[in-house]
Amino acid sequence: MKRVLITGAAGFIGSHLADRLLARGDAVIGFDNFNDYYDPAIKRANIAGALKHEHCVLYEGDLCDEARVREVFERERPDVAVHLGARAGVRPSLKDPNLYHRVNVIGSQHILDACRDFQPSHLVFASSSSVYGGCTETPFREDNPVQRPISPYAATKRMNELQAHVYSHIYGVKVAMLRFFTVYGPRQRPDMAIHKFTRLIANGEPIPMFGDGSTQRDYTYVDDIMDGVIRCVDRPFQYEIFNLGEHHTTSLRELIDLVAKHVGKPARIEQQSLQPGDVTITYADIAHARELLGYNPQFDMDEGIRRFVAWYRERNA
């Protein structure tokens, strides 16, 4: 049994990870501040199942509260830390960059300091495909230059990668940085495109389509992300960066059509201008993750969207 600390444990990805680890016999130490970026009641529902398990405990606290972070590490002494907690979203970061810096950079500094001092075997740390910025060389490789992020959120995630490298180099903290590519599936945040489009189409409301629909994303089903994260929980690396994506792109127009197909209603589209901070394409080269992790995504978009819509219907019945 591993004792795994998960920050952001009540979120979309964190709650799935908690369930998966508990199901295989590990103990979970959750940490979450239940902020109001979206309805905290949704997060409490996400983690409710895990909290019924005898080997799951949840601490409420803020990453920016260094004393609280250290209290949890000192009391629980995790074997592995998985740092998923962050302020998410490109567009909201444009409105409040100071908040994103405070939570994502300073809050993450507290996690790194705690890992240095309390010495779990290693740290698994969520980064983002947004660090690639406006990179046009596709698919994106981990060794691509990522020196020109185009949103405050992206800048904070690149800073996280640099912070972690310093702690690996100077203090010996073992870190796997995971660049997630647009994760979707049951429990996805309500502000994200697939969840939002499903809700709007189901309700017969118009969908805002930013640009002409040609922008492309590498969407990754949450079960595939879980496979990559857990492989990193089980294997320490001194310092590695991994793309976790599907190695396939879907245009915005194709995505809308696919969601409409599974909802069973036509999409009413309202075309709008491209938004600041948005990139034209994300596309993961996953050769590095295949080689070192044995990462092998299984879910294509059609099956993933089918599963998401089925979950949405059940939740909203």
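Taking a ≥ b ≥ c as the square roots of the Cα gyration tensor eigenvalues, with a/c under 1.5 meaning rounded and otherwise prolate when a/b beats b/c, else oblate, which class fits the chain?
prolate
Between region 276-317 and region 229-258, what's the alpha-carbon centroid distance in Å?
7 Å
Roughly how many nanometres apart are two label points built 7 Å out from the Cα toward the Cβ at Gln147 and Asp223?
4.2 nm
Just flag the trypsin sites (Lys or Arg not before Pro) in region 40-95 sitting in loop per DSSP whose Cβ has no more than 16 other Cβ atoms within 10 Å.
In loop regions of region 40-95 (DSSP not H, G, I, E or B), the sparsely surrounded trypsin sites (Lys or Arg not before Pro) are Lys52.
With the cut-off at 26 Å, tell me which of the pairs Lys196/Lys261; Lys95/Lys196; Lys2/Lys52; Lys157/Lys196; Lys174/Lys196; Lys43/Lys174 have Cα atoms farther apart than that.
Lys174/Lys196; Lys43/Lys174
Let's test the formula: R0 of 30 Å, r as the Cβ-Cβ distance of Thr136 and Asp36. What FRET efficiency results, to the nearest 0.05?
The value I calculate is 0.25.
Distance from a point 7 Å along Cα→Cβ of Arg70 to each backbone N in region 79-120: keep the residues under 13 Å and list them by number.
Label zone hits: 110-118.
Round to the nearest 10 and give me the degree value, 0 to 90, for the angle of helix 152-171's Cα axis relative to the longest principal axis of the chain.
So the helix axis and the longest Cα principal axis differ by about 30 degrees.
So, with +1 on the Cβ of K and R and -1 on the Cβ of D and E, and no other charges, what is the size of the charge dipole of region 18-157 about its Cα centre, to the nearest 20 debye?
380 debye
How much of the DSSP bridge set in the chain is antiparallel, in percent, rounded to the nearest 5?
5 percent
List the GluC sites (Glu not before Pro) within region 1-104 that DSSP assigns to loop and that have no more than 11 neighbouring Cβ atoms inside 10 Å.
Within region 1-104, the qualifying GluC sites (Glu not before Pro) (loop, at most 11 other Cβ atoms within 10 Å) are Glu54.
Residues in region 150-164 near a label at Arg116, defined as backbone nitrogen under 16 Å from the 7 Å Cα→Cβ point?
Those under the cut-off are 160-164.
Shape call for region 188-276 from the C-alpha gyration tensor, a ≥ b ≥ c root eigenvalues: rounded (a/c under 1.5), prolate (a/b greater than b/c) or oblate?
Here region 188-276 falls in the prolate category.
For a label point 7 angstrom out from the Cα of Leu292 toward its Cβ, which stretches of region 63-86 have the backbone nitrogen within less than 19 Å?
Within reach of a label on Leu292, which here means backbone N under 19 Å from a point 7 Å along Cα→Cβ, region 63-86 contributes 80-84.
Any chance you could give the angle, 0 to 90 degrees and rounded to 10, that helix 222-233 forms with the longest Cα principal axis of the chain?
Relative to the chain, helix 222-233 is tipped by roughly 20 degrees.
Could you work out how far helix 12-23 tilts from the main Cα principal axis of the chain, as a 0 to 90 degree angle to the nearest 10?
Relative to the chain, helix 12-23 is tipped by roughly 60 degrees.
Taking the Cα centre of the chain as the origin, how large is its charge dipole in debye, to the nearest 20, when only Lys and Arg (+1) and Asp and Glu (-1) carry charge on their Cβ atoms?
420 debye
Along the charge dipole of region 255-304, Cβ charges K/R +1 and D/E -1, which of Ala287, Met301, Leu258 sits furthest on the positive end?
Among Ala287, Met301, Leu258, the one farthest towards the positive end of the dipole of region 255-304 is Leu258.
Quick one: grab the alpha carbon gyration tensor of region 34-125, order the square roots of its eigenvalues as a ≥ b ≥ c, and give me rounded if a/c is under 1.5, else prolate or oblate depending on whether a/b is larger than b/c.
In terms of gyration-tensor shape, oblate.
Each reported figure results from applying straightforward, stated rules to the coordinates on display, with no laboratory input. A quick note: this is a predicted structure, and the numbers were derived from the prediction, not measured. As a convention, Cβ positions derive from the backbone with ideal geometry for all residues, glycine included, and neighbour counts pool all protein chains shown.
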